[in-house]
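Reading through the structure tokens given below for one structure.
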Amino acid sequence: MRRLLIHHIGQLLTMRGYGEGPLRGSQMANPERIYDAAVLIENGIVRNIGSSVELLAAAEPGVELVDAAGALVTPGLVDAHTHLVHGGSREHELAKKIAGVTYLQILQEGGGILSTVEKTRAATADELYVQARRSLHRMLAFGVTTVEAKSGYGLDWETERKQLEVARRLAEEEPQRIVSTFLGAHAVPREYRENVDAYVDEVIEMIDYVVRDDLADFCDVFCETGVFTIEQSRRILEHALAQGLGAKIHADEIDPLGGTRLAAELNAASADHLIAALDDDLARLAASSTIPVLLPGTSFYLGKPSARARDMIDKFGLPVAIASDYNPGSCPTENLQLIMTFAGHLMKLQPLEVITAVTRNAACAIGLGDVAGVIDIGRPADLVVWAADNPEYLIYHYGVNLAHEVYIHGRVAARDGVVLWD
Ligand code: IZC
Ligand code: ZN
């Protein structure tokens, strides 16, 4: 048995308490915080949490001691919205974008997502694996121990399956926990431009294959002007739910089509983006079990306003989660710490709210509320020892990597930016 005692933790944010599920409204700024704490880990599982002095005094011979030297410790970060597996990149569109051509215009011209679709179709599974693995390791170095990964760059079964199989292989071979989402309804393929409903039929058929081959836990739709309508999104998600998948939706990002309302009505696992969501729809969301997943890095990269996170928390008591949206078009970064800084400065979340949003609430948004995002007895020891001694510092000192040691299942998976998992 391997026993490890991380002691002399300056501040330990366990994120425990308040019953089950995510932290809502004012709970988000008040997660459990223990000063001068220690965590005892046995065979990768948290066995005890308490005061550093007491746990050190009770330590049995043979326990490996790790001195956290007064550092802040949080649960491993959870990135609840990424487009991890894809071919190529899109820097060739940057000049256009900077000159003012919008995201949807680029997509309408056959670029954007459709450009990544071409590269993903052309790539071998091994090529996709190598590229995604590199991204996953970057995420790990930044403290991310659990990742949601969407397909959506195939728009045909052969390539969607290839992406989902790559995600499954990553889940088996890489240290992080990976949750897969089928996003066949990410864009309308060129072949179906004149007959979008026929493509929707195809997506519905693909859902059956996804379930048959157990390739994903969730189904997602990009519900947006020029992409999929509310009615088409509803058809797809209702079928997915009936087949046992969880529902997610890219909702009200650019235009307020009502995706937020649809998510609430379906009790989707999450509604993501919500920049243009209307008050009425946020109220409906608050009455549902759907978690708003906000993506401030995308707002930054598209030059858009941020989602109204303050209203969501203060007026509607919602359990806000924050994610990177890592993708080759609207948020090409694996650095969730940078996104946390955006959540603070652009969305006006307080540091403890931000940490809640990328740990417990993010885990709940991907159906892992009982495994990830919380440090508690009996759970896997996924945690980060920060090169910081308080939560404020994580939001304040930005654009650098402050993750000192990243533990997954009680093992150091990355230290000071270097991945140690082999
Ligand atoms: O590749 O552009 N928003 N989908 C919806 C994306 C961004 C990913 C992309
Ligand atoms: Zn997305």
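Each value in this text was obtained by applying a stated rule to the coordinates, not by laboratory testing. What you see is a predicted model; the values in this text were computed from it and never measured. Don't worry about glycine lacking a Cβ; one is built from the backbone with ideal geometry, like all the others, and counts go over all protein chains shown.
Tabulated data for the structure shown
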{"quantity": "Residue check for G70: under 27 Å from R193 (Cα atoms), outside any strand (DSSP E or B) and either touching a His at 6+ places or on another chain (Cβ under 8 Å) or more than 10 Å from ligand 1 (Cβ to nearest atom) (or both)", "calculated": "no"}
{"quantity": "Unmet requirement for R133, which otherwise passes all of (1) free of Cβ contacts under 8 Å to residues at least 60 places away in the same chain; (2) crowded, with 20+ Cβ neighbours inside 10 Å", "calculated": "(2)"}
{"quantity": "Residues of segment 394-422 satisfying the condition of being under 19 Å from F342 (Cβ atoms) and either loosely packed, with under 15 Cβ neighbours inside 10 Å or among the basic types (K, R) (or both)", "calculated": "Y396, H397, G399, V400"}
{"quantity": "Filter result (assigned to a helix (DSSP H, G or I) and within 16 Å of ligand 2 (Cβ to nearest atom)) within segment 261-304", "calculated": "A263, P296, G297, T298, S299, F300, Y301, L302"}
{"quantity": "Residue within segment 239-247 that is over 15 Å from L183 (Cα atoms), crowded, with 24+ Cβ neighbours inside 10 Å and more than 20 Å from the chain's Cα centre (by Cα) present", "calculated": "no"}
{"quantity": "Segment 19-36, residues that are part of a loop (DSSP other than H, G, I, E, B) and exposed (fewer than 15 other Cβ atoms within 10 Å of the Cβ)", "calculated": "G19, E20, G21, N30"}
{"quantity": "All positions within segment 316-329 that are buried (at least 24 other Cβ atoms within 10 Å of the Cβ) and assigned to a loop (DSSP other than H, G, I, E, B)", "calculated": "L318, P319, V320, A323, S324, D325"}
{"quantity": "Selection count, segment 214-237, where residues are more than 12 Å from ligand 2 (Cβ to nearest atom) and either part of a loop (DSSP other than H, G, I, E, B) or within 20 Å of A365 (Cβ to Cβ) (or both)", "calculated": "12"}
{"quantity": "Candidates E64, E148, filtered to the one that is away from ligand 2 (no atom under 16 Å from the Cβ), in contact (Cβ under 8 Å) with a residue 60 or more places away in the chain and either surrounded by fewer than 20 Cβ atoms within 10 Å (Cβ to Cβ) or within 30 Å of L12 (Cβ to Cβ) (or both)", "calculated": "E64"}
{"quantity": "Failed condition for I204, given (1) β-branched (V, I, T); (2) surrounded by fewer than 24 Cβ atoms within 10 Å (Cβ to Cβ); (3) touching a residue at least 60 places away in the same chain (Cβ under 8 Å)", "calculated": "(3)"}
{"quantity": "Single residue of segment 305-315 satisfying the filter (in a loop (DSSP other than H, G, I, E, B) and more than 16 Å from ligand 2 (Cβ to nearest atom)) that is surrounded by the most Cβ atoms within 10 Å (Cβ to Cβ)", "calculated": "R308"}
{"quantity": "Segment 380-400: number of residues that are within 20 Å of the chain's Cα centre (by Cα) and of a type in the set (D, E)", "calculated": "1"}
